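Here is the structure we will look at.
The values are calculated or read from the model by the stated rules, or taken from the named source; none is laboratory data. Here the structure is a predicted model, which means the values were calculated and not measured. Using ideal geometry, Cβ is built from the backbone for each residue, glycine included, and neighbour counts are taken over all protein chains shown. The accessibility values were calculated without ligands, DNA or RNA, using every heavy atom of the protein model including side chains. Shrake-Rupley method; radii C 1.70, N 1.55, O 1.52, S 1.80 Å.
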Amino acid sequence: MKKVMLSVSISALLFSASAFAKDFVLTDVAGNIEEANWQTTSGELGLTDAQPFSVTKKTLHGGKQEGSTLITIETKDLQVSLIPTRGMNILEIKSGDVRFGWTSPVDEIVNPAFINLEMRNGVGWLDGFNEMMVRCGYEWTGHPGRENDRLTSLHGRAGNTPASKVVVSIDDAAPHTIHVRGLLKENTFKLSALETWTELSVTPGVKAVKIHDELTNNSDYDRNYQIIYHSNFGTPILEEGAKFVAPVKEISPFNDYAKKGLKDWQTYLGPTKGYDEMVFNLVPYADKDGRTIAMIHNKAADRGIAVGFDTRQLPVLTLWKNTDTLKQGYVSGIEPGTSYAYPRQIERKQGRVKTLAADGRQSFDLEYRILTTSEEVKGIDSEITAITSGQKTN
Amino acid sequence: MKKVMLSVSISALLFSASAFAKDFVLTDVAGNIEEANWQTTSGELGLTDAQPFSVTKKTLHGGKQEGSTLITIETKDLQVSLIPTRGMNILEIKSGDVRFGWTSPVDEIVNPAFINLEMRNGVGWLDGFNEMMVRCGYEWTGHPGRENDRLTSLHGRAGNTPASKVVVSIDDAAPHTIHVRGLLKENTFKLSALETWTELSVTPGVKAVKIHDELTNNSDYDRNYQIIYHSNFGTPILEEGAKFVAPVKEISPFNDYAKKGLKDWQTYLGPTKGYDEMVFNLVPYADKDGRTIAMIHNKAADRGIAVGFDTRQLPVLTLWKNTDTLKQGYVSGIEPGTSYAYPRQIERKQGRVKTLAADGRQSFDLEYRILTTSEEVKGIDSEITAITSGQKTN
Amino acid sequence: MKKVMLSVSISALLFSASAFAKDFVLTDVAGNIEEANWQTTSGELGLTDAQPFSVTKKTLHGGKQEGSTLITIETKDLQVSLIPTRGMNILEIKSGDVRFGWTSPVDEIVNPAFINLEMRNGVGWLDGFNEMMVRCGYEWTGHPGRENDRLTSLHGRAGNTPASKVVVSIDDAAPHTIHVRGLLKENTFKLSALETWTELSVTPGVKAVKIHDELTNNSDYDRNYQIIYHSNFGTPILEEGAKFVAPVKEISPFNDYAKKGLKDWQTYLGPTKGYDEMVFNLVPYADKDGRTIAMIHNKAADRGIAVGFDTRQLPVLTLWKNTDTLKQGYVSGIEPGTSYAYPRQIERKQGRVKTLAADGRQSFDLEYRILTTSEEVKGIDSEITAITSGQKTN
C-alpha cells in the first residue's frame, strides 16, 4: 500500500498532476504497447459526481494517414482532438457548433513516415500542416536555414515526431480533470538528446485547454533550444472584421511585405485572393507574474479564443495573418515562442536562441480559453486592458 | 427515389461511369477504411449473364513492401495488377502466358514510406521503379531539376503517393465492366492542391485496359501541371527485332547519345551490355478527334501492346529505349505526356509546362490494347497507317 | 526423397549451413510472409540431446519503433538480439549479467520508415544508431561525401534496410546450432543490384556469435562495394583502464585531433566530458590463413569481447574511441572493413574501394567471442601474441 502511494507521488512530482489519478498507458515503447483503439468514459469509471466525459483513441487508415493515431476528449462543452503520432499536436477544438482550428489543403492527418522534412529545400513540413496547434521546435524552429552546412528545416522535428509514451490520467477527485501526456524524443547520437513531456488537460465543465510541457536536455552538454507554439484559427472566428487583441509593447513587420499591413494590423480581411501572408513580430506586456493573453475574436465579438502564456518561458509572439482564400488556407496564427520565425542563424544573431544546461529542464505553460459569448470576449478584453494598463505600443 | 437517382447521375458525371453500378469502398481516409484483404467475384455477385471475373485486394508484407497493397482484376483474357499505395500504378498485365511489363532490379512493391524522392540529388524514385505504368506528375515531371532553389525530383510525387480513396465499381449491366478508382492527393500548404481521380477499367471479354484520370486544381490560383504516363515493356514483347510503330510527325534525340540511334530508332536490339538508354522526343500525328496510337510488337509481329491516347490531352510522346542487359532492366518506355523528360525548368522554357486554372479540371484518357495474334498486330498497324495517312516524319 | 535431398543440398551450398536443418521462414516478400510474433524452443522441437535454447521474434510498437522487429536467441550462455528491420544488425549480446553493446541517446529501435539518411547533409543515420553491430555498406560507407554531385550519406543504406527474407534454421544434429539468415537488398534501378544474405549463428554451449555474410552483385556490370562492420561496446567492458588489444602492423590517426591520442591509443579513459571521439586507422597482422583478432577487455582483464575476422575479406580496421560521457554515448568501436571511415571519394583515391564483378560474390566472416573470465581474456591475448609473433607496429 505504502509503495503504491510513493509511486503515485513521484509521478505527481514528475507530471505536476494531482496526486491521485487513474492512469491508462496507451503507448509505451519500453513496454511495447500501442493501443490501436481504446476508450474510457466517466460512466465506465463510475465517476458520477461530476460532469460526464469520454476519452477515445483510434488508429487512422488510408492514404498518408495510414498508422496515424488520434485521441479525442469529449466533455459537455468541448471536443478536443490531439495527434500522438504528430507531436501530440492539437488537431482542433470544438465547442457546440463552433470549430477552433482551420482548413488546410492538407486534409489528412499525415503519418510522419510519409514526410520528408528536408523536401524542397526544407519545407517538407508543409506536407502535413493542418493543426490548430503544432509544436515547432525544440532543437530548432523557424524558416529553413543553414548552419554548419546543415539544413534546419522549417519549424523543426517535434511536430512530426510520434510520441514514445502516451498516458491518459483522470483525476480521482471531481471534477475529474483529464490529462493526456505524451513523450516526444528528439534524440540523435552526438547531436540531440532533447525530450519533451507534453501534457494537455481538460476539466469537465471548464471551456479551456491547458498545455504544460516540460523540455529536458538529457545530454551532459549545454544545448540550444527554440520553440514556437504555432496556434492557428480560421472560420468561423476568423472573418472580415475579426480582431486580434493583445497587450502589445512592440510590433515590427517580419518583412517588407508586412510593412504595408502595419496600419491595420489588428483587424482582419475576409478571404482575399493574392493576400498570401503578413507576419508581425510582437513583444507582449505581461502581468507581474509574467502571464499574458492574446485573443482573436469574430466581428460581432461574441466568439473567439484566448491564448494565455508565460512570457518568462515564451517571451515573444508572432502574429501570422494568412487571410488568403478559403481553399488556400484562410488562417491566422497566434504563435507564442522563444523565437520569431526567422531561420535559426538569424535568431542566433539576435540573441533569441535559448540554451538549456546539461540535465536542464524548461516548462512551457499555455492555456486556450474558448469564448462563445460576448461576455466571455469582453472578459478577456478587460484582462488584456488590465495587463496593458495604459502602456504604449511601439 | 428521385434523390438516389440524382446522386447516381452526379457520380456518373464525375466518374464518367455507367449510371448503375455496385460500389465497394476499399480505402477511404474520410471513413477511416482500409480493407487489408478483400475479394469479390462475378459468381458471388450473381452475375451469370456474362463472362466471369474476380477482383482481389491484398496487403503485402516483408522488406520494403511492408504495408503496400495490390489489387488484381482477373477475367478470362486478362490479369491486371495495380498498386493503390503507389499512385494506382499498373504493376503488370498478363494475358495467357504473356506478361506485359518488365523486370526491374527493384523486385519489391516498395511502400513510399521507405522512399526518399530527393535521395541522390533527386533520383530516389529509382528505388521503387518497376511498374508497367507509372504516373509521373502531376505537380512536376521529368529529370531532376531546380527551380527557385527547390529540387524537382525525378518524375514527381504521384507515383509514390498512396491513394486516399479506392473504390471498385462493377457495372450492373453485362458485360459488367470493372472500374477501379483511386484518389491521389498532391496537397501541400501554399504550394499544391492537385488531386487526381484515377480510373482503370477492364471489360470481361475485351483485351484492353482503359485509363481515365481527372486532375483537379483545388486551389484558387492557376497552377502548373505536367504528366508523363510512363508505360514500360520488356520481354517477351521486347526482343531483338521487336518494333516500335507510331504515326510520327517529328522525332528528335533527347541528347547527344541518342543521335547515334536515330537511323534505326524504330527497331530494337536484344539485351545489349553497355547500351544504357536512348531517348527520343516524338510528336505524333492524330486522327481528326486527336486520338493516336503507338505500338510495340515482337519480331514475329504476333504479340504486342498498343497505347492509345488523346493528343489534345497528351501532345507529346517520349520513346525510351533501355535495351541494356536483362538484369539491368531490359525495357522500352512508350510515354505519352504533356512534357518530354527534361527537367521542369527546361520544359518551361520550351512552353510545355501546362497551367490548370483555379478549380480547373483536365482529363487524361489512355487505352492499352493487348495483342496476342498477328491479326491483332496488323489491325493496329492499319490504324496507325490510317492516322499517318501518308504524311512525313521530320 | 531424392528431390528433397537435392533441394537440401542446394540450400546448403547457398547458405553454407549444415545439410540437415529445420527451417522457419519468418519473413518472405515472395511468399507475402511477415510473422508478427513467433517462437520456437528446443523443447517444442523435441531436441533433448543437447543444451536448451529458444528463438523468439516480436514486432515492436510505439514512437519511432512502430513496426520494427526483433529476434532474440537465448541459450544458457548467451542472449543475442538482432533486428531484421534494420539490416539484421545486432542490438546486443548478453552473457549472465554482462551486456555487450552500448547505450546511445537513441533508445528506440527505429523503423527505417522514420529515417531520412540524407538529413542534415547526410548524417540521418545518427537518428537510429544504437546497435552493437551495424552493417555499414554495401554500396558505400564512411563519412558523408559527394560523388558526381550525389550525396553518399553516412555509412550507407544496409543498416537501415528491412530484410526481405528471414529464415531461422536449427541444425538437426546436436548441438543444434541456430542460424538466422536475412536477405538485404540494395536495389536501385540503373544504380545498384547488391544483395546480401546475412547469417548469424549461435551454438548452444558456445560463447560466440558467428557472422557469415554473402554479398552478391546481381548486376551485369562491375560494381563498387564498401563495408565496415561497425561493432560497438560500452560499459561494463569499456571503463577507465580498459584496453584494446590487436596485432597491429600500422596505425595512423584519422585526423589531427586523433594525433594527440596516439601515445596511449591502446588504453581507454573513463567517461570524459569534452572528449568527443578519436579515430585510428589500423592495418592488422594476420595468421597464415588471413585470420586476425581484436579484443577489448575491462581494466581487470576478466571480461571482454574478441572480434575475429578475415583480413582477406576485411583488410583494414578502424578503432573508434568515443569515451565521452555516459549520456553522450560512452562507446568504443572495433570496425573491421574494406575501408576506413573517410568519405567514398577519399577511399577511392586511396584505392580501397573494392569492385565486385558482374554476378560476383564476396563473403565476410566474423566471430564475436564473449569473454567472462580472466582465462578467456588471457587465451585471446595469447592468440593475438601468436599472430603478431614479434613483428613491430608502425
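Could we say that residue B:124 is open to solvent by less than 10 Å² (accessible area, probe 1.4 Å) and over 28 Å from residue B:305 (Cβ atoms) here?
Against the criterion (open to solvent by less than 10 Å² (accessible area, probe 1.4 Å) and over 28 Å from residue B:305 (Cβ atoms)), residue B:124 qualifies.
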Open item on the list: For region C:202-231, give me the residue count where each residue is open to solvent by 20 Å² or more (accessible area, probe 1.4 Å), in a strand (DSSP E or B) and more than 14 Å from chain B (Cβ to nearest Cβ).
Closed with: 4
Open item on the list: Return the residues of region B:232-248 that are open to solvent by less than 40 Å² (accessible area, probe 1.4 Å), in a loop (DSSP other than H, G, I, E, B) and touching a helix residue (DSSP H, G or I) at 6+ places or on another chain (Cβ under 8 Å); say none if nothing qualifies.
Closed with: B:234, B:246, B:247
TODO: Please find, among B:294, B:258, the residue that is at pLDDT below 95 and closer than 20 Å to residue B:155 by Cβ.
DONE: B:258
TODO: Could you tell me which residue of region B:37-57 is farthest from residue A:110 (Cα to Cα), considering only residues that are open to solvent by less than 50 Å² (accessible area, probe 1.4 Å) and within 14 Å of chain C (Cβ to nearest Cβ)?
DONE: B:56
- [ ] Give the residues of region B:331-348 that are out of contact with any His (no Cβ under 7 Å at 6 or more places or on another chain) and hydroxyl-bearing (Ser, Thr, Tyr), sorted by residue number.
- [x] B:332, B:338, B:339, B:340
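What residue, among those in region B:368-389 that are small (Gly, Ala, Ser) and under 15 Å from residue B:247 (Cα atoms), is farthest from the chain's Cα centre (by Cα)?
Top of the filtered list is B:389.
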Task: Matching residues in region B:287-300 - criterion: being among the small types (Gly, Ala, Ser) and more than 18 Å from residue B:265 (Cβ to Cβ) - done: B:290, B:300
Open item on the list: If I go through region C:126-160 residue by residue, how many of them are within 15 Å of the chain's Cα centre (by Cα) and of a type in the set (Phe, Trp, Tyr)?
Closed with: 2
- [ ] Being out of contact with any Asp or Glu (no Cβ under 9 Å at 6 or more places or on another chain) and either within 14 Å of chain A (Cβ to nearest Cβ) or of a type in the set (D, E, K, R) (or both) is the filter here, so list the residues in region C:304-331 that pass it.
- [x] C:329
Open item on the list: Please list, ordered by residue number, the strands (runs of 3 or more DSSP E) wholly in region B:293-394 having 1 or more residues that are surrounded by fewer than 17 Cβ atoms within 10 Å (Cβ to Cβ).
Closed with: B:354-356, B:361-371
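If you check residue A:168 against the conditions, is it assigned to a strand (DSSP E or B), more than 18 Å from residue A:233 (Cα to Cα) and either of a type in the set (S, T, N, Q) or in contact (Cβ under 8 Å) with a residue 40 or more places away in the chain (or both)?
On the way: assigned to a strand (DSSP E or B): yes; more than 18 Å from residue A:233 (Cα to Cα): yes; either of a type in the set (S, T, N, Q) or in contact (Cβ under 8 Å) with a residue 40 or more places away in the chain (or both): yes.
Criteria met by residue A:168.
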TODO: Among the residues of region B:66-106, write down those that are among the β-branched types (Val, Ile, Thr), in contact with a strand residue (DSSP E or B) (Cβ under 7 Å, 6 or more places away or on another chain) and assigned to a strand (DSSP E or B).
DONE: B:69, B:71, B:72, B:73, B:75, B:80, B:83, B:90, B:93
TODO: Just give me the residues in region A:184-197 being more than 15 Å from residue A:222 (Cα to Cα), open to solvent by 10 Å² or more (accessible area, probe 1.4 Å) and more than 8 Å from chain C (Cβ to nearest Cβ), in sequence order.
DONE: A:197
TODO: Using the structure shown, decide if residue A:251 is in contact with a Ser or Thr (Cβ under 7 Å, 6 or more places away or on another chain) and open to solvent by 10 Å² or more (accessible area, probe 1.4 Å).
DONE: yes
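Would you check which residues across region A:107-125 are in a helix (DSSP H, G or I) and over 19 Å from the mean Cα position of the chain (by Cα) and list them? Quick ask: steps written out before the conclusion?
From region A:107-125, those in a helix (DSSP H, G or I) are A:112-114, A:119-122, A:124-125; that's our starting set.
Across region A:107-125, the qualifying residues are A:113, A:114, A:119, A:120, A:121, A:122, A:124.
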Open item on the list: When you scan region B:173-189, do you find a residue that is free of Cβ contacts under 8 Å to residues at least 60 places away in the same chain, closer than 30 Å to residue A:273 by Cα and part of a loop (DSSP other than H, G, I, E, B), even just one?
Closed with: yes
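Out of curiosity, is residue A:175 open to solvent by 30 Å² or more (accessible area, probe 1.4 Å) and over 30 Å from residue A:122 (Cβ atoms)?
Considered against the rule, which asks whether it is open to solvent by 30 Å² or more (accessible area, probe 1.4 Å) and over 30 Å from residue A:122 (Cβ atoms), residue A:175 comes out as yes.
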TODO: Working only within region B:133-160, note down all residues that are open to solvent by 10 Å² or more (accessible area, probe 1.4 Å), part of a loop (DSSP other than H, G, I, E, B) and facing chain A (nearest Cβ under 9 Å).
DONE: B:148, B:149
- [ ] Quick one: in region B:254-284, of everything that is in contact with a Lys or Arg (Cβ under 9 Å, 6 or more places away or on another chain), in contact (Cβ under 8 Å) with a residue 40 or more places away in the chain and hydroxyl-bearing (Ser, Thr, Tyr), which residue is surrounded by the fewest Cβ atoms within 10 Å (Cβ to Cβ)?
- [x] B:275
- [ ] List the number of the failed condition for residue A:106; all other conditions in (1) within 8 Å of another protein chain (Cβ to nearest Cβ); (2) surrounded by fewer than 22 Cβ atoms within 10 Å (Cβ to Cβ); (3) under 22 Å from residue A:186 (Cβ atoms); (4) in contact (Cβ under 8 Å) with a residue 24 or more places away in the chain hold.
- [x] (3)
Open item on the list: Six or more apart or on different chains, Cβ atoms under 7 Å: show the pairs whose first residue is in region B:58-86 and within 14 Å of chain C (Cβ to nearest Cβ) and at positive phi and whose second is open to solvent by less than 10 Å² (accessible area, probe 1.4 Å) and among the small types (Gly, Ala, Ser).
Closed with: B:62/C:164; B:63/C:163; B:63/C:164
Task: Of all residues in region B:255-275 being touching an Asp or Glu at 6+ places or on another chain (Cβ under 9 Å) and in a loop (DSSP other than H, G, I, E, B), the one that is nearest to the other protein chains (Cβ to nearest Cβ) - done: B:273
